[in-house]
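Inspection log for the structure reproduced underneath, given as structure tokens.
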Amino acid sequence: EDDGTVHVGKADGRCTDVIVVGAYAYFSYDGFGVLCYRVSDLLAPVPEGVDPLAIWGPELDYDHRPEALAQFKLGDIEAYAEYGAGALGLAYTKVAGQLSIYAAFSNAGVAKISWNDPAKPVLAAFAPTAGSECNKVAIANGRLYVADHEGGLVVLR
């Protein structure tokens, strides 16, 4: 029975990576994909009387975490619905003002996300990988390097 009490639950995953691009921070989570926040929202002071180390929690009746501008979950796209939401690693490029974020999506592969509007991420490309846990991405010399568990090192162009 709902008694009107607000219950704040814990996060359903762990934060696995973070990148900061200009005024925005992008966090990957193994439970719910990639989230975009304004850095200024992350740095904003908490309300007076609130312990900054206790801004939310299952035992608290409040939640002072900043609100995300956007979330990208590969599994929310119909063609990739069979895959979980878990994003494990991030990298980015910004070329001619166009922001591309590369996210390692565990058992699915690598997603290239066009994130030019912080509130509206769009899947630009997807590359499946052979391993069971695509977990880290890095960019160097025009190549995308992917750590793919038993799939080993994958190099994409």
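The values are calculated or read from the model by the stated rules, or taken from the named source; none is laboratory data. Owing to the predicted nature of the structure, the values given are computational and were not obtained by experimental measurement. All Cβ positions, even for glycine, are placed from backbone atoms using ideal geometry, and neighbour counts span all protein chains on display. Just the protein is used for accessible areas: all its heavy atoms, side chains included, with ligands, DNA and RNA removed. Shrake-Rupley method; radii C 1.70, N 1.55, O 1.52, S 1.80 Å.
If you build the Cα gyration tensor of the chain and take the root of 5 times each eigenvalue, what three semi-axes come out, in whole angstrom, biggest first?
With the √(5λ) rule applied to the chain, the semi-axes are 31, 19, 14 Å.
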*Find the relative contact order for the range 27-151 and round it to a whole percent, using C-alpha pairs within less than 8 Å whose residues are 6+ positions apart.*
20 percent
*When all C-alpha to C-alpha distances in the range 102-157 are sorted into bins of 5 Å, what percent of pairs does each bin hold, rounded to whole numbers?*
5, 21, 28, 23, 14, 6, 2, 0
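Percent of accessible area on the chain owned by carbon and sulfur, 1.4 Å probe? Let's see the in-between values first.
Details: 4620 of 9150 Å².
About 51 percent, which is the carbon plus sulfur part of the accessible surface.
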*Let me know the longest stretch in the chain that avoids all GluC sites (Glu not before Pro) found in a DSSP loop with at most 14 other C-beta atoms within 10 Å.*
83-157
_Give me, ordered by chain and number, the residues 5 or more places off ALA124 or on other chains with an amide H under 5 Å from its own placed amide H._
LYS112, ILE113, SER114
_Could you tell me the center-to-center distance, by alpha carbons, between the range 101-151 and the range 31-72 in angstrom?_
26 Å
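What FRET efficiency comes out for the pair ALA124/TRP56, r = Cβ-Cβ distance, R0 = 41 Å, nearest 0.05? Working shown, then result.
Details: r = 33 Å, r/R0 = 0.81.
Given R0 = 41 Å and the Cβ-Cβ separation, E is 0.80.
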*VAL21 to ARG157: extension gain in nm, 0.36 nm per residue of separation minus the Cα-Cα distance?*
46.8 nm
*asked:* Under the 0.36 nm per residue contour assumption, what length would be gained going from the current alpha-carbon distance of TYR145 and VAL46 to full extension?
replied: 31.7 nm
*If you bin the C-alpha pair distances of the range 50-101 every 5 Å from 0, what whole percents do you get?*
4, 14, 12, 14, 17, 16, 13, 8, 3, 0
_How large is the convex hull of the C-alpha atoms of the range 46-139 per residue, in Å³?_
155 Å³
_Spin-label pair ALA70/SER114, simplified geometry with 7 Å Cα→Cβ offset, distance in nm_ = 1.1 nm
